Structure formats: structure tokens, C-alpha cells
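These notes concern the structure reproduced below.
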Amino acid sequence: MHREGTPVGGTDGIGDTDSPEAVHGAAAPDGAPDTARGRRPVAAALMLGMGLAAIDGTIVATAVPQIVGDLGGFSVFSWLFSGYLLAVTVTLPVYGKLSDTFGRKPVLIAGIILFLAGSLLCAAAWNMAALIAFRVVQGLGGGALQGTVQTIAADLYPLRERPKIQAKLSTVWATSAVAGPAVGGLLAAYADWRWIFLINLPVGAVALWLVARHLHEPARPRPVTRPRVDWAGALAVFATGALLLTALVQGGVAWPWLSAPSLGLLGATAALGALTVLIERRAADPVIPGWVWRRRTIASVNLALGAMGLLMVAPTVFLPTYAQSVLGLGPIAAGFVLSVMTLSWPVSAAVSDRVYNRIGFRRTAVVGMSGALLVLLCFPLLPYPGAAWQPALLMLLLGATLGLFQLPLIVGVQSTVGWTERGTTTASVLFCRQVGQSLGAALFGAVANGVLASRLADAPVSGLPGDLDAVSHALENPSELSAAATDYLRRAVDTAVDHVFTGAAAAAALALLVLVLLAPRRFPVLKEHESAPPAPQD
């Protein structure tokens, strides 16, 4: 038997523990309910918690006109989303460390309570500044929901059963993401936008009751000394992440990239990052321990999922614009073109265990991302203007390939660490994916704006919008433009989105390189009795 958390097969992580026998030979983790019926209430709570976190990002979007009409603050309403994203992202590693130190249950309960408190405060907001501040409070709870739900799912189910619960969580996420805009639109149109936040309360209350009543964590060893929380490191991580994401979210939007605010924020991020590294090196029990990046398996999965977050910006952010501006679809039809990806993703994730049990975690992820690379490269080859079924088919295939990529990596990396390190490991994976999405939004937004600006500057027709801000308005009201100008503008948007998908293909190639060059051939999977919580000591 080897020490918990030490890779099987040596420090390089290469061994035979990724074999089908290792996967299927696992028993239920010590302390976890050993029957499906015993796990059912906790699984239901996890799905409700995941649904709360997933739907919150989309349900607010359709109510923005009503919110702005009631509270004002049109110039800053984007912070309703940016503030929530900032809070979720920068708190993920903090909650991961806290769950490893004090247990999952108290962290999840605190996260649900904080999320519900933020929801209640949002419903009572009296102006846009208050609503943005309360959205940050919501995000502080959302960070605990996202990371801890994934960690408990790995604690609760042995390796051979984890694809089932992960597929259920993926289905909940997909359904919530698709249903969010419709629910938000209905509430804003027929009730009041404040109900968008109030409906979280009964759902969250049920999840809270299920967790408090049915989640029973095994007894843990009595610590020799009282656990010390690295609050200085947590604050440094929070501040560094907040500055970086603020620079990425606002750069090129609120101010130019090379302006004083952008350069100042990026410079402050670099300085705070260096200070964070210094603090974490000196901390006895750091929030982001060095082993997260020293172990090949965890580091490679972090980088690969960061690249996936980068490429996901292309379909989630730019495909709806393409569908409406180039294909001429309405908002609902454009949403359907994107939503088909959420249909194939959970199905692919659910059957991925049949693949990785045969060929291993890394090879399965390589197959999935290779397929995603081909799909992304096909997008710029679509005819202009084309038919809606063409991008919809590509999104269906993309969802299938990414489900085959993401779930094996998450299940695999969670299975290489013990209970006391699983929360930190899961949080680091989700943190990197979130940062990748923020980087992608900034990078691909700059690419799309650059292409559009170039096309407008070199336009052979007259009557085009004078700046980028007017492009969307012009395409929504084509009667204000000549036929030639409308067609030229649609082709410019088509070219810009093609460039974005080419960049997304480059991110997919980067993920493949990380897996091939950095990830171990076989993940050093621990046996279940080694990855379970340590037995209490007298």
C-alpha cells in the first residue's frame, strides 16, 4: 500500500492502474451509502444544487430589458453577469481547500445559504449598483455549489459508477441552461423580474434540507493541531483572480486594450500574482498547494480543460450571433441551433465509461478532442448563407465529442487523489476551465472586432454602420440599409465568426498537445480503500 495521494507507479504517473480491472474492481467508498436507495436523496440534492448554479447564468439574460427599465444603469448592466462570474471563479480554489479541511457538508450548506441569501437580496434590490453587489453575493455561494457538488459526487460513487452521476449532473446543467432563457422570459413578461431570483428559494430550500438530512460524512481523524486556514492566501487568490478577470471582461469593451485601465489592471494582476506565489510558498497549508501543478496528471488535466473553456466561447457566445445575423433566424430558433449541443453532450458522457474502461482515460479524451477539432475546422467551410440544419448538425457532433473529452478527464483526475485532496483537485480543474472561458471571451472578442473593423474600413459599398456598436442594430433593422450593404455586413459577420471558430480549433489542438505531451499514458488511479476518508484515530 502506498501513501494516500502519491501516484501509483511512480512520480511520473505511468502505470497500469488505468486498466479496466482497476476501474471495475472498486467497491463503494468507506462511509458512503452502499445502496442506490441510500444515495438517492443526496444525488437529488446535488442535482438541485447543480441546477441552481446552471440556470442562474442564463435566466437573468432575457430579463435584462425589464431590469434596466425598472432600475436604470444600462451602461453597467453587463456586470450582472461579470460580477457573478468573478465571484464564482475566484472562490473555487478557496472552497476546494475548505472542503478538504473541514469536510464537504459544511461547505455545501454554507454555499447554498449564501446563494439563497444573495437571491433574496437581488429580489429586493433598489438600484443597479445594489443588484450587482447582491449578484456578487450570489456568486460567492455559486462557487461553493459548483466545486463541492462535483467533489461529493466523486466521494459518493465508486469509480465504476461515477459516469452515471456525472451524466445526470451534465443533463441537469444542459436542461437548466436551455430552460433558463425561456423561464426568465416568461417571468419577466407575465410576472416581475424579481421572481427570477425568488424561485431559487424553494428549490434551494429543498436541496438544503436533503443535504442536512441525508448527507452523512464518515468520521475523520482527530487532528493533532487545530486546522489553520490560509486566509492570507485565500484573500490573495481572490484579489488576483478578481483583477485578472476584470481586465479580461472589460478590456476591449469598457476601454481599449492598450489603454491605461487595461495596462494598470494587468500590471496589478502580475504584481498580486507574484505576491500570491510568495504567500502560498510560505503557508503551512496553502489554498493552492504546489502539488496541484507538480503532478503531471493534475497539471495536464487543468491545462487541457482550460483549453476546452477557451474553445467553448466560440459556440456559446458567437454562434447565436451567427444564427441571427447571418442565417436570419429569430432568437428562439438561434437558441435551438446552440441547444442541440446540450442534447448529445450528456449522452456521450453517459457512455464514455465503456470507452475509457477499454482504452484508458487519456486515449478517450484524445479521441473526443480530435473529433472536436475536426468539427470546429468544418465550421468555416459552411456555405454562405447556408441553412440552419448545418451548424445545428455540427453542434450536435461537437457536444458528443466534448462529452467524450471532459468527463473521462474529470473522473480520471478525481480518482488519482485521496479524499483529503479531492476537493482541491476538483476546484483546480473547474477554476482552470472558468479562466479559460474568460480568456476566450477576451481573445475571440478581440478577433471578431478586428475582422469586423477591417471589413468596415475597406467596404466597397456605402451606407454601412460607422462603428462596431451599430452593426447589431443595423442587422436587426435591415430595411435601414440597402440590399448590397446588408449582404456585405452579413458576410463580414460570417467571416468574423469563421475566424473565431478557427481560433477555437487552435485551442482544441492545444488541448490535444497537452494530453499527448504532458499527460501520463495511464492515470495513476488509487484503489477505493486508499481514496476513501482515513479512519478515525483514538
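Every number here is computed from the coordinates shown, using simple stated rules; none is lab data. Values in this document were obtained by computation on a predicted structure and should not be read as measured data. Positions of Cβ are generated from backbone atoms using ideal geometry, with glycine treated the same way; all protein chains shown enter the neighbour counts.
Can you give me the C-alpha center-to-center distance between the stretch 258-308 and the stretch 344-363, rounded to a whole angstrom?
Here the two parts' Cα centres lie 31 Å apart.
How many percent of the alpha carbon pairs in the stretch 308-386 exceed a separation of 20 Å? If you can, show how the numbers build up before the last one.
Details: 1322 of 3081 pairs.
So the portion of pairs separated by more than 20 Å is 43 percent.
Using a cut-off of 21 Å between alpha-carbon atoms, which lysines can reach Lys527, once sequence neighbours fewer than 8 places away in the same chain are excluded?
Within the straight-line cut-off, Lys527 pairs with Lys164.
Lys168: which lysines have alpha carbons under 23 Å from its alpha carbon, excluding same-chain residues fewer than 8 sequence positions away?
Lys105
In the neighborhood of Phe81, defined by Cβ-to-Cβ distances under 11 Å, what is the net charge if each Lys or Arg adds +1 and each Asp or Glu adds -1? Don't skip to the end; give the middle numbers.
Values: positive: Arg135; negative: Asp56.
Its environment carries a net charge of 0.
Show me, for the stretch 495-512, the HN-Hα J-couplings you get by feeding each phi into the Karplus relation (A = 6.51, B = -1.76, C = 1.60, θ = phi - 60°), rounded to Hz, glycine and proline as x.
Rounded to whole hertz, the list is 5, 4, 5, 4, 4, 5, 5, 5, x, 5, 5, 5, 5, 5, 5, 5, 4, 5.
Quick check: pseudo-label points 7 Å beyond the Cα along Cα→Cβ at Ala483 and Ala212, how many nm apart are they?
6.7
To two decimal places, what compactness ratio does the stretch 100-213 give when its Cα radius of gyration is scaled by 2.2 N^0.38 Å? Walk me through the numbers on the way to the answer.
Numbers: Rg = 15.7 Å, N = 114, 2.2 N^0.38 = 13.3 Å.
Working it through for the stretch 100-213, the quotient is 1.18.
Under a Cβ-Cβ cut-off of 14 Å, what is the net charge of the residues other than Lys168 that fall near it, where Lys and Arg count +1 and Asp and Glu count -1? Mind showing how you got there, number by number?
Working: positive: Arg39, Arg40, Arg162, Lys164; negative: Glu161, Asp353.
Computed value for this residue: +2.
I'd like the projected area of the stretch 245-370, averaged over all directions, using the convex hull of its alpha carbons. Report it in nm² with one decimal.
11.8
Can you classify the stretch 366-425 as rounded, prolate or oblate using the Cα gyration tensor, where a ≥ b ≥ c are the square roots of its eigenvalues, rounded means a/c under 1.5, and otherwise it's prolate if a/b beats b/c and oblate if not?
prolate
Ranked by Cβ crowding within 10 angstrom, fewest neighbours first, how are Thr495, Thr416 ordered?
Thr495, Thr416
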